[in-house]
Structures are given as C-alpha cells and as structure tokens.
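Structure first, commentary second.
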C-alpha cells in the first residue's frame, strides 16, 4: 500500500523560523498544508476561503497554487451554482486544481 505523509501547520503569524523548525523536524513528507496566514510559509498549495468566491491562482514566481473552493451554500455571493474544489497531485507531483459546480438547492 502506498502512503503519503501530509504535514499540516497553521497560524504561524510571521514566525517562519518556527514553521521551518516543524518542517525540518517532520521531513520527509509528501505534502505541506498551511492553514491561516502564509507570511514566510513554504508551501506548494495554499487553501483559503471565507470570501465565498471560487478561484484558482498560480503564482508565476513561486509556483504556489492558491485555491479558494467557493461555497456550497450562499451561492448569491458567487453564482447560482454551489462550488467546491478538487485537487489532483500526479505521481510526478504536478498539481492540478479544479473548481467544480453543483446545482444549488
């Protein structure tokens, strides 16, 4: 059975030395998820929300992929469809994010 290790950290509030300390302690890992602020963080994918607006942004300089899944509720903020995200990571670590829609109730 293949297994992947995902490191999850949150709210470093700019203390990147602490984030790096955790990263060094837990290395090796396959994926890093950083919840909350991203100042000074090292990540491949940044997940955020609360705006109810679905979007995918790939930073051309850093390669970091930012994903906001939108909302499966409160469609009036984004569209008449509920949205969510699916992120596929290939065997060679290519990140393929998608925003998907479902009819609102």
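The values are calculated or read from the model by the stated rules, or taken from the named source; none is laboratory data. Since the model is a prediction, treat every value here as computed from it, not as a measurement. Glycine gets a Cβ as well: all are built from the backbone with ideal geometry, and neighbour counts include every protein chain shown.
Search the range 1-25 for residues being part of a helix (DSSP H, G or I) and within 19 Å of the chain's Cα centre (by Cα), and hand back the single one that is modelled with the lowest pLDDT.
16
Criterion first (at pLDDT 80 or above and in a strand (DSSP E or B)) does residue 57 satisfy it?
yes
Say we look at the range 62-81 and pick out the residues that are modelled with pLDDT of 85 or more and not in a loop (DSSP other than H, G, I, E, B); which of these is surrounded by the fewest Cβ atoms within 10 Å (Cβ to Cβ)?
Among residues in the range 62-81 that are modelled with pLDDT of 85 or more and not in a loop (DSSP other than H, G, I, E, B), the one surrounded by the fewest Cβ atoms within 10 Å (Cβ to Cβ) is 66.
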